[in-house]
1. Note the angle between two axes, namely the Cα long axis of helix 109-122 and the longest principal axis of the Cα atoms of the chain, as a number of degrees from 0 to 90, rounded to the nearest 10.
2. Here are several values of Kirkwood radius over Cα pairs in Å: [x] 16.2; [y] 18.7; [z] 17.6. Which one was derived from the coordinates shown?
3. Could you check which residue among Ile14, Ile85, Ile137 shows the biggest mean-square fluctuation in a GNM of the chain with a 10 Å Cα cutoff?
4. For the chain, modelled as a Gaussian network with Cα springs under 10 Å, which listed residue fluctuates most, Asn25, Asn54, Asn119?
5. Using a Förster distance of 35 angstrom, determine the FRET efficiency expected from the C-beta separation of Lys123 and Leu33, and round it to 0.05.
6. Using 7 Å Cα-to-Cβ label points, what is the Asp2/Arg112 separation (nm, one decimal)?
7. Please give the helix 3-53 orientation as an angle from the longest Cα principal axis of the chain, in degrees from 0 to 90, rounded to the nearest 10.
Amino acid sequence: MDYQTGITILILGIIFGAVLLYTTNKFIRRLVLWFRFKKARVGQDKAEKLLKKNGYSIVAKEYCSKIKVKVDDDLFETMIRADLIVEKDGFTYVAEVKTGQSATSLMDCGTRRQLLEYNFYLKPDGILLVDMDERKIHSIEFIGGNL
């Protein structure tokens, strides 16, 4: 084998390896996402049963609402999505379903901000954090702070 053929084979091998690595990585990411969505779907189905068992009725699933945000003089529209809207004893609640130790804690800034966003924009009678790992429904109430 001459030098030119060896270089060509090396370059083709590198290209093939890169394509194989890219394809495998993409497949693994899709597989991880699929499992995550499946776990979330199962968790939400179980949360609905838990809420019903505790006297709540399901009003809406994956409730979407447009929100407007003004930045300087520009107005932006975006969406927020709550897992469930539920009712009990004439009161309406946003129920957020979470799994995993960190996500079910209000020490998790993402969860806390998400619940604050629901409270601010949707203005429900209450916020529920449904912890599917512990099978518990937590009632969340935000009490204002001071600057």
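1. Relative to the chain, helix 109-122 is tipped by roughly 50 degrees.
2. Entry [y].
3. Sorting by GNM fluctuation, first place goes to Ile14.
4. Judging by the Gaussian network model, the answer is Asn25.
5. Between Lys123 and Leu33 the formula returns 0.60.
6. Going from the Asp2 label point to the Arg112 one covers 7.0 nm.
7. Once rounded, the angle reads 20 degrees.
Taken together, the values in this text are just the output of simple stated rules run on the coordinates, not laboratory data. As the structure is a prediction and not an experimental result, all values here were calculated from the model. For neighbour counting, all protein chains shown are included, and Cβ atoms are generated from backbone atoms with ideal geometry for every residue, glycine included.
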